[in-house]
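Have a look at the structure below, then the notes.
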Amino acid sequence: MEFFHQPNINWMNKTKYFVALSVTLLLIGGIAWVRHGGLHYGIDFKGGTLVIVRFSSAPPIGKIRSALDSAGLKNNEVTSSSDISNPNSKNDVMIRVEQGGQGEDTLEAAKSTILAALQKDFGSPTSSKPDFNSVATPDLANFLTQQDPLALHTSAGDRYTQLAQSLISARDKDHAGIVTNFDQLSNVSGANAALISDLKSGYSLNSFSVLNAQVVGPTVGAQLRRQALFATLYALAGMLVYVAFRFEWIYGAAAVIAVFHDVLITLGFFCLFYNKFEISLTVIAALLTLVGYSMNDTIVIFDRVRENLRLMRRESLTEIINRSINQTLSRTILTSGLTFLTVFLLFVFGGQVLRSFSFAMVVGVVVGTYSSFGIAAPIVLLWNKWRGGRVATAPVPSSADKRAEKRLAAARR
């Protein structure tokens, strides 16, 4: 499919406009960076509290976010944590809340606030009672010993500890950690009517259960930031070596500079919209995806330049680069246009969880496509001019070569 029939656009004549646009975007991003004091890192990099909660039915993600916001936990992430290999996890939710400090007390306070917010909106009306779905075996054993539903008196021994273990096991294994009615425990060995009655009077049943709660400290967040930076730099270095080996080193340098330019501009947009989008592990994945996407688009143009260097020996490098970009223009519009449409729809309809990821993809696809012909190609041309035309050009055939080519063409006829 061709959108343009033999376009003849002088791209290299517009290099100054491309550079001006890039410089403007980089300056805007730099100013936003200074104004906000850096990037807006998410919980993955700043540290925070992580709680995995299992609900008895499909969890209302929007309502959970609203409950956390109402509790003062504005910077929160609520995502589904279901695992296809584990059918019991279909209603699991992962809640991450940014920590307000670095002490252990702050982290425990954040965890307590999360549980209090969930209890308010999803807990049992009789919230003064402890939740059976969250009770531990020792606490349940002590409760049963005090109530003595089996009338064992002083001969109870470890009987109630074993019974408590059986009840907890039935709750976790048979009912996936969520008991919605105490009568569901009637089949447990040793559970009589008196025991069920005592459980009903002593415990409440919430519609959720906390499976795991842990904290991510600032040290771990700083380590993740370093690893994300190294991952990006390693990707750029590997691509530089590959392109330099596949073409010439100037092509590799130009491609890496263009990709580095793409990453900086994308991060600049994140600084510009500081309060709307944050840097998380998914955004790092998006940036690495864009590194590969932009590099691939640049290599397509460079590969066509290399072919045309052999076919258009009498033409200048400027004309060869312009012709190469024009020849790949339809392909660029088709692939980049479809990719942009996909990520744009993801940005619009993907929801809050994917908003930062899709925003990075939307900006990166546009900037990565433009930099292939607006930044990478002009760098090769400028280097060639600075070196006096001795780099990245094909040799001009001599008179002997021309005569040999004519004899070869005649022999073929």
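The values are calculated or read from the model by the stated rules, or taken from the named source; none is laboratory data. Computed from a predicted structure; not experimentally measured. As a convention, Cβ positions derive from the backbone with ideal geometry for all residues, glycine included, and neighbour counts pool all protein chains shown.
A residue that is assigned by TED's automatic domain parsing to the domain that holds Leu21 and under 30 Å from Ile43 (Cα atoms) occurs nowhere in segment 299-318. Of the residues making up segment 375-384, at least one is at pLDDT 80 or above and under 21 Å from Leu287 (Cα atoms). Against the criterion of being touching a residue at least 60 places away in the same chain (Cβ under 8 Å) and crowded, with 21+ Cβ neighbours inside 10 Å, Asn322 qualifies.
Restricting the first member to segment 170-183 and to residues that are free of Cβ contacts under 8 Å to residues at least 24 places away in the same chain, and the second to residues that are among the β-branched types (Val, Ile, Thr), the beta-carbon pairs closer than 7 Å and six or more apart or on different chains are Ala170/Val188; Asp183/Ile196.
Candidates Phe245, Phe230: the one that is of a type outside the set (A, V, I, L, M), assigned to a helix (DSSP H, G or I), at pLDDT 80 or above and closer than 28 Å to Ser294 by Cβ is Phe230. Taking the criterion of being in a helix (DSSP H, G or I) and not hydroxyl-bearing (Ser, Thr, Tyr), the residues of segment 187-201 that qualify are Ala193, Ala194, Leu195, Ile196, Asp198, Leu199, Lys200. State all residues of segment 129-166 that are surrounded by 15 or more Cβ atoms within 10 Å (Cβ to Cβ) and touching a Lys or Arg at 6+ places or on another chain (Cβ under 8 Å); if no residue qualifies, say none. Those that are surrounded by 15 or more Cβ atoms within 10 Å (Cβ to Cβ) and touching a Lys or Arg at 6+ places or on another chain (Cβ under 8 Å): Phe132, Asn133, Leu150. Every listed requirement among (1) without any contact (Cβ under 8 Å) to a residue 60 or more places away in the chain; (2) surrounded by fewer than 18 Cβ atoms within 10 Å (Cβ to Cβ); (3) β-branched (Val, Ile, Thr); (4) more than 21 Å from Gly368 (Cβ to Cβ) is met by Thr79 save one, (1). When Ala170, Ala176 are screened for being of a type outside the set (Asp, Glu), part of a helix (DSSP H, G or I) and within 23 Å of Phe122 (Cβ to Cβ), only Ala170 passes. Close contacts from segment 196-223, counting a first residue that is among the basic types (Lys, Arg) and a second that is modelled with pLDDT of 70 or more, with Cβ to Cβ under 7 Å and a gap of 6+ residues or different chains, come to Lys200/Phe182. Given the criteria modelled with pLDDT under 85, under 26 Å from Gly47 (Cβ atoms) and either assigned to a helix (DSSP H, G or I) or not basic (Lys, Arg) (or both), does Val263 qualify? Judged against the criteria, Val263 is not a match.
Residue by residue, here is whether (1) more than 23 Å from Ser209 (Cβ to Cβ); (2) modelled with pLDDT of 85 or more holds:
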site	(1), (2)
Gln6	yes, no
Lys63	no, yes
Ile84	no, no
Asn91	no, no
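A search for C-beta distances below 6 Å between a residue of segment 266-283 that is over 10 Å from His40 (Cα atoms) and any residue that is assigned to a helix (DSSP H, G or I) and among the polar types (S, T, N, Q), counting only pairs 6+ apart in sequence or on different chains, returns Val283/Ser356.
The numbered conditions (1) closer than 26 Å to Phe18 by Cβ; (2) free of Cβ contacts under 8 Å to residues at least 40 places away in the same chain; (3) touching a helix residue (DSSP H, G or I) at 6+ places or on another chain (Cβ under 6 Å) are all true for Val366 except (3).
Phe302 falls short of the stated requirement of being hydrophobic (A, V, I, L, M, F, W, C), more than 30 Å from Ser57 (Cβ to Cβ) and not in a helix (DSSP H, G or I).
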